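Worksheet: one structure, shown below.
No value in this document is a laboratory result; all are computed from the given coordinates. Keep in mind that this is a model prediction, so the values were computed, not measured. Methodologically, a virtual Cβ is constructed for each residue, glycine included, from the backbone with ideal geometry; neighbour enumeration extends over all protein chains shown.
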Amino acid sequence: MSIDWLELEKTARNWIYEAASLIKQSLANPIQIESKSNPDDLVTEVDRAVESFFYHKIQKTYPKHLFLGEEGVAEELDSLKGTVWIIDPIDGTMNFVHQRYNFAISVAVYHEGVGMVGLIYDVMNDELFHAIRDQGAYINDEELVPVKERPLHESIIGLNAKWLVQEKNPYRNPLKALVRDVRSIRSYGSAAIEIAYVAADRLDGYISVNLSPWDYAAGVILLEEVGCRASTFKGEHLDFLQKSTVIVGKPDLHKEMVSSYVGEEL
Ligand code: IPD
Ligand code: CA
Ligand code: CA
Ligand code: CA
């Protein structure tokens, strides 16, 4: 039976609003914070609770669908066969903990490896960025227009400045050159929001040396609808099962950033 993507998107949207109200309620009480891979890699009980919330909703409503999420509520996946929900329950956990602001719920649905539905909800700003494949991208009810190019020297790029000072980062010099040449950089602390901002023409591009599939799975569906590009630093297709470098932007800008800057490690 074929899937009614409009209906599925509506269902996902309702779950997102329900999860967002759970997150907001959690802000009324002290939140338990732990570290994962290093002291700055934070996770809270709310991240896990929201991922569980989606996992159980999906299992009940779409029992044949598969699940890939950051906090490991479901078993690991080794392929994108079938219908797969890729979810980041809170993107921008550090912001959630420190600012109680600038974090998002990111939900993507892929069918046989193709991105069909992408939703990124900026919880505190009440902005839902959403798209269904071939049906345009929106912020709440406002349709996003196809992007207009801007020359690199007039562009604003989303980039975490920490990448410029980490000696282990093989892309440190290309990134420094890029930062020197663009008009300016911004760092919001949520990859999902920053990618959505590129689709919404609030940023011209966004770059990260290391992201996971749930950070960009929904964002790339939005980008496709407005004619933007997303790839690894080498210009290759993004993999939705492992971490990678990520560069997104308006097509000409994306091409220039890959070919003249990050395409090679220096
Ligand atoms: C993080 C955020 C952050 C990005 C990190 C991600 P999380 O996601 O998107 O902006 O720089 O690489 O891991 O851990 O808050 O879901
Ligand atoms: Ca995390
Ligand atoms: Ca994330
Ligand atoms: Ca997360």
For GLY205, enumerate residues with amide H under 5 Å from its amide H, sequence gap 5+ or separate chain, H modeled in the peptide plane. ILE156, GLY158
Mind jotting down the distance between the C-alpha centroids of the range 192-207 and the range 25-99, whole Å? 22 Å
When SER52, SER184 are ranked with the fewest other C-beta atoms within 10 Å first, the list becomes SER184, SER52
Calculated FRET value between SER79 and GLU264, using beta carbons and R₀ = 35 Å, to 0.05: 0.65
Diffing the range 26-35: the Karplus 3J(HN,Hα) column from phi (6.51, -1.76, 1.60, θ = phi - 60°), in whole Hz with x for Gly and Pro, holds 5, 5, 6, 10, x, 10, 7, 10, 10, 9
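Which of the peptides 57-70, 141-154, 239-252, 203-216 is most tightly packed, and how do the rest follow, judged by the mean count of other Cβ atoms within 10 Å per residue?
On the way: 57-70: 15.9, 141-154: 12.9, 239-252: 18.9, 203-216: 23.4.
Highest-to-lowest ranking by the protection proxy: 203-216, 239-252, 57-70, 141-154.
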May I ask which residue of GLN166, VAL262, PRO251 lies farthest towards the positive end of the charge dipole of the range 141-266, with charges of +1 (Lys, Arg) and -1 (Asp, Glu) on Cβ and the Cα centre as origin? GLN166
Take the alpha-carbon centre of the range 143-183, take the same for the range 113-136, and report the distance between them in whole Å. 24 Å
Can you list residues whose amide H is under 5 Å from PHE103's amide H, if they're 5+ apart or on another chain and H is modeled 1.01 Å from N? VAL123, MET124
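How much of the DSSP beta bridge set in the range 152-262 is antiparallel, as a percent to the nearest 5?
On the way: 8 of 13 bridges.
The antiparallel fraction comes to roughly 60 percent.
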Antiparallel content of DSSP bridges confined to the chain, in %, to 5: 80 percent
